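Here is the structure we will look at, set down as structure tokens.
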Amino acid sequence: MGAQAKPHVLFSRAEIAATVSRLAAEITGDYHGKHPILVGILKGSFMFMADLVRLLDFPLEVEFIRLSSYGGGSQTSGKVEVVQGLSGPIENRELLIIEDIVDSGLTTAFLRDYLQERKPASLRLCTLADKPSRRQVPVPIDYLGFTVPDKFVVGYGLDYDEKFRNLPDMCFLEDEG
Ligand code: IMP
């Protein structure tokens, strides 16, 4: 992607709001009364998490994990490291991972193993977006916001080189000129 890449709206803020409401209703149906821990993956999930939890009207906890993967540009290398881990025990707890986007699936596959080793009662995945065309390892998605084409998506928390996270719409980047 060149320095001239411009964002074009893929999903508007109104479509995002409707989708987050639908996901909140699905999650409420499954987790009400279960006191789950929602585990947000930084940095990309911060905006999605903030909008989602305010629609969940039952007791829950929020945790964040920050992962980094080493590679170049917009590609995941598959070598994932935990930069900031969990702040408390999760054994026997109902865990729901909150992801921004599943691309190759390598990050999520790593995270599932990392959390499963800590023996939660259950472990499910909610992702705002899925890019199935690029999958390298299978990832079971329990709650899905949007399926996106094979384009680089930014906005609503997602970045390209740390830029565009603050856009309120989900956009794809296209080189101009
Ligand atoms: P995966 O390991 O290839 O599935 O990549 C997952 C991570 O890569 C996501 O959590 C994002 O942080 C980042 N990523 C993958 N595709 C995109 C995209 O289109 N826009 C922004 N970030 C992306």
Being farther than 20 Å from Ala25 by Cβ, touching a strand residue (DSSP E or B) at 6+ places or on another chain (Cβ under 7 Å) and among the hydrophobic types (A, V, I, L, M, F, W, C) is the filter here, so list the residues in region 135-149 that pass it. Val139, Val148
So, in region 164-177, how many residues would count as being open to solvent by 50 Å² or more (accessible area, probe 1.4 Å), at pLDDT below 95 and not acidic (Asp, Glu)? 1
Here are the criteria: (1) open to solvent by less than 60 Å² (accessible area, probe 1.4 Å); (2) at pLDDT 95 or above. Tell me which single one Leu55 does not satisfy. (1)
Report, by residue number, each residue of region 5-23 that is within 11 Å of Leu56 (Cα to Cα), out of contact with any helix residue (DSSP H, G or I) (no Cβ under 6 Å at 6 or more places or on another chain) and aliphatic (A, V, I, L, M). Leu23
Verdict on Arg66 being under 15 Å from the mean Cα position of the chain (by Cα), among the charged types (D, E, K, R) and open to solvent by 60 Å² or more (accessible area, probe 1.4 Å): yes
Under 8 Å between Cβ atoms, at least 6 apart or on separate chains: pull out the pairs that start in region 91-113 with a residue that is within 11 Å of the ligand (Cβ to nearest atom) and outside any strand (DSSP E or B) and end on any residue that is among the basic types (Lys, Arg) and open to solvent by 30 Å² or more (accessible area, probe 1.4 Å). Asp103/Arg134; Asp103/Arg135; Ser104/Arg134; Ser104/Arg135; Gly105/Arg135
Regarding region 77-87, can at least one residue be identified that is at pLDDT 95 or above and either basic (Lys, Arg) or crowded, with 18+ Cβ neighbours inside 10 Å (or both)? no
Can you tell me how many residues within region 22-52 are part of a helix (DSSP H, G or I) and open to solvent by less than 10 Å² (accessible area, probe 1.4 Å)? 7
Restricting to region 123-141, count the residues that are more than 9 Å from the ligand (Cβ to nearest atom), over 15 Å from Glu63 (Cβ atoms) and open to solvent by less than 70 Å² (accessible area, probe 1.4 Å). 4
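The values are calculated or read from the model by the stated rules, or taken from the named source; none is laboratory data. Computed from a prediction, not measured in an experiment: that's the story for all the values here. Using ideal geometry, Cβ is built from the backbone for each residue, glycine included, and neighbour counts are taken over all protein chains shown. To get the accessible areas, we keep the full protein, side chains included, count just its heavy atoms, and leave off ligands, DNA and RNA. Shrake-Rupley method; radii C 1.70, N 1.55, O 1.52, S 1.80 Å.
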